[in-house]
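Worksheet: one structure, shown below.
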Amino acid sequence: MSKEIQGFSKMSKTEKIQWMAKNFLYSNPIDVIKEFTGFWHDNIEAQKLLDGFSENTITNFPIPFGIAPNFLINGEMYAIPMVIEESSVVAAASNAAKFWMTRGGFKAKVISTTKVGQVHFSFDGDKERFFHIFNTEYKQKLLNAVKPITANMEKRGGGVKGIDLIDFTQLEMDYFQLRCYFETVDSMGANFINSCLEEFGKVLVELVSSDPRFQVEDSSIEVIMCILSNYTPECLVKVEVECPVDDLGTFDDGRMKAREFATRFAKAVRIAQIDPYRATTHNKGIMNGIDAVVIATGNDFRAVESCVHTYASRDGQYRSLSECSIENDIFNFSIIIPLALGTVGGLTSLHPLAKRTLEVLGNPSASRLMEIVGTVGLAQNFAAVRSLTTTGIQKGHMKMHLTNILASMQATDEEVIMAKAYFETKTVSVSGVRDFLQSLREHK
Ligand code: MEV
């Protein structure tokens, strides 16, 4: 039977599910339809909105939306929405937030907000002449050409901040680039940037092709592509926490004193600075928090992810995004991270829960959102490294794991209480929990 299909996108949602069930699940389509439609939103308008975000939509894929309270950031309290499927993440963020709330809270500061876009093109004329004419004439002409696109953004305090012409011909024949810098204020700015870039590309070709100074030597120019860059190393936020070492308290039920903790913690961060294997996991812990808030606000977490990891490799080796120091008996833990985010436009204003998230966060500007998101990243990293360097990660994880296993085995409330007491001092495994429940149920 052929699994090829024409006109799939034109089929109704139910027809799509039916076709998928028949061709790929080999199960009763009626059951599959029931299962998939079970996740449709009751509110028809809300479902229509969700369907409109993507293509060939057949149902929704729910992921938990949680709240991490007690975040004190720059003297203000926040409860932070987090959308994440991994257990322990929200609990860990809340825990770290509470810990630092009583130690001065998080200090966050935006360092820069520049976004980047590129026009990639081929040019095979006289380089020197090209650079000279570009810098003395064309650049201004390009800036003038996009005025109709930038007018509104300029009213809001944004616009094009600069254009550089870069020669890549040593690496790729005839390849040049316009690297363009933008301020997009509260919007992520993808459409704005891409519109400007396409106009730059078009006008640059017109300028060069009609310029007699280039026609003499029969030079040619061709735009290869115009697109924003998700690498924004000048769109940075710094977040830090700090307190006297002795104020850190004790860890692991009093077994570990503040100084020992601080020393072990700082060493763990240094290890993530020097070893990419550890750095990757260390930064993954940071992204657990960052992605969860980025998703809750309707921002593009893939863009944030790709940018952050490029930034973590900016000196040629992948390293930890966070740093820790102990100087003059002060424990300082900080992060500098690129976060190109928006609080207007795109999904931020379309998705009903993204709108709510922003409301819960006090309808922040994009810069304030950078501070909030960066803070959650640092909090998440603190929680993970604290747990790794004290009790170990499995203790907390296993508690959550046990809850999930019990739920999957339809344990009753009474069984849950008994299982939690029993596994307090034992290693949790699926078979162990199954055996425990079986013996409980047999002896009832
Ligand atoms: C798990 O999702 C994240 C951690 O592995 C992060 C870390 O190791 O720092 C706990």
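Here are the numbers for this structure:
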item: When each of Lys141/Lys355; Lys155/Lys284; Lys98/Lys399; Lys355/Lys426 is checked by Cα-Cα distance, pairs over 32 Å; result: Lys141/Lys355; Lys155/Lys284; Lys355/Lys426
item: Loop-located chymotrypsin sites (Phe, Trp or Tyr not before Pro) in the stretch 35-118, at most 13 other Cβ atoms within 10 Å (DSSP); result: Phe39, Phe53
item: Backbone HN-Hα couplings from phi across the stretch 332-348 [Karplus 6.51/-1.76/1.60, Hz, Gly and Pro as x]; result: 10, 10, 9, 9, 10, 9, x, 9, 8, 10, x, 10, 10, x, x, 5, 4
item: Length-normalised contact order of the stretch 390-444 in % [C-alpha pairs under 8 Å, at least 6 apart]; result: 42
item: Distance between the stretch 130-197 and the stretch 201-237 - C-alpha centres, whole angstrom; result: 9
item: Full-stretch length increase - Lys161, Arg129 - with 0.36 nm per residue and alpha-carbon distance subtracted; result: 9.1 nm
item: Residue order, fewest to most beta carbons within 10 Å, for Ser195, Ser209, Ser2; result: Ser2, Ser209, Ser195
item: Shape category assigned to the stretch 286-369 from the gyration tensor of Cα positions, a/c cut at 1.5; result: oblate
item: Dipole of the chain [Lys/Arg +1, Asp/Glu -1 at C-beta], most positive-end residue of Ser27, Thr14, Pro148; result: Ser27
item: Full-stretch length increase - Thr310, Ala407 - with 0.36 nm per residue and alpha-carbon distance subtracted; result: 31.0 nm
item: Peptides 215-224, 89-98 ordered by average Cβ neighbours within 10 Å, highest first; result: 89-98, 215-224
item: Per-peptide average of other Cβ atoms within 10 Å, ordering 368-379, 395-406 highest first; result: 368-379, 395-406
item: Amide H partners (placed H, <5 Å) of Gly342, local residues excluded; result: Met188
item: Cα-based shape type of the stretch 8-51, given that a ≥ b ≥ c are square roots of the gyration tensor eigenvalues and the cut on a/c is 1.5; result: oblate
item: q = 0.19, 0.23 Å⁻¹: log10 I(q)/I(0) that the Debye formula gives for the stretch 115-229, counting C-alpha atoms only; result: -0.94, -1.30
item: Tail beyond 32 Å, pair distance distribution of the chain (Cα, percent); result: 55
item: Flagged links, alpha-carbon separation over 24 Å, of Lys147/Lys202; Lys16/Lys48; Lys115/Lys202; result: none
item: Angle between the chain longest axis and helix 89-101 axis [Cα atoms, degrees, rounded to 10]; result: 90
item: Over the chain: helical MRE at 222 nm, DSSP H runs n ≥ 4 each giving -39500 (n - 2.57), nearest 500; result: -14500 deg cm²/dmol
item: Percentage relative contact order, the chain, counting C-alpha pairs under 8 Å, at least six apart; result: 17
item: Gained length - Asp329 relative to Ser122, 0.36 nm times residue gap less alpha-carbon distance; result: 68.9 nm
item: In order through the stretch 183-199: 3J(HN,Hα) via Karplus (6.51 cos²θ - 1.76 cosθ + 1.60), integer Hz, x for Gly, Pro; result: 10, 10, 6, 8, 9, 5, x, 4, 5, 4, 5, 5, 5, 4, 5, 5, 5
item: Interatomic Cα distance distribution for the stretch 397-442, bins of 5 angstrom, percent; result: 5, 24, 42, 24, 4, 0
item: Pair Glu15, Arg259: separation of 7 Å Cα→Cβ label points (nm); result: 7.5
item: Inter-label distance for Lys109 and Ile5, nm, one decimal - labels placed 7 Å from Cα along Cα-to-Cβ; result: 5.6
item: Using a Förster distance of 51 Å, the FRET efficiency for Tyr181-Asp218 (Cβ separation, nearest 0.05); result: 0.95
item: Long-range HN-HN contacts of Ile330 with modeled amide H, under 5 Å; result: Val245
item: Neighbour-count order for Thr425, Thr114, fewest beta carbons within 10 angstrom listed first; result: Thr425, Thr114
item: Calculated from backbone phi, Karplus (6.51, -1.76, 1.60) coupling profile of the stretch 200-207 in Hz, x at Gly/Pro; result: 4, x, 4, 5, 4, 4, 4, 4
item: Positive-end residue, the stretch 397-442 charge dipole about Cα centroid, Cβ charges, pick of Gln438, His401, Ala419; result: His401
item: Radius 13 Å from Cβ of Arg156, net charge of other residues (Lys, Arg +1; Asp, Glu -1); result: -2
item: Rounded if a/c under 1.5, otherwise prolate or oblate - the stretch 266-410, Cα gyration tensor axes; result: oblate
item: Neighbour-count order for His282, His309, His132, fewest beta carbons within 10 angstrom listed first; result: His132, His309, His282
item: Degrees between helix 430-442 axis and first principal axis of the chain (Cα, 0 to 90, nearest 10); result: 30
item: Per-peptide average of other Cβ atoms within 10 Å, ordering 318-325, 263-270 highest first; result: 318-325, 263-270
item: Amide H partners (placed H, <5 Å) of Ile224, local residues excluded; result: His120, Phe121, Ser122
item: For the chain, share of DSSP beta bridges that run antiparallel, in % to the nearest 5; result: 95
item: Glu154/Ile227 FRET efficiency (R0 22 Å; Cβ-Cβ; nearest 0.05); result: 0.50
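Only the coordinates and a few stated rules stand behind these numbers; no lab work does. This one's a predicted model, so the numbers in the text were calculated from it and none came from an experiment. Positions of Cβ are generated from backbone atoms using ideal geometry, with glycine treated the same way; all protein chains shown enter the neighbour counts.
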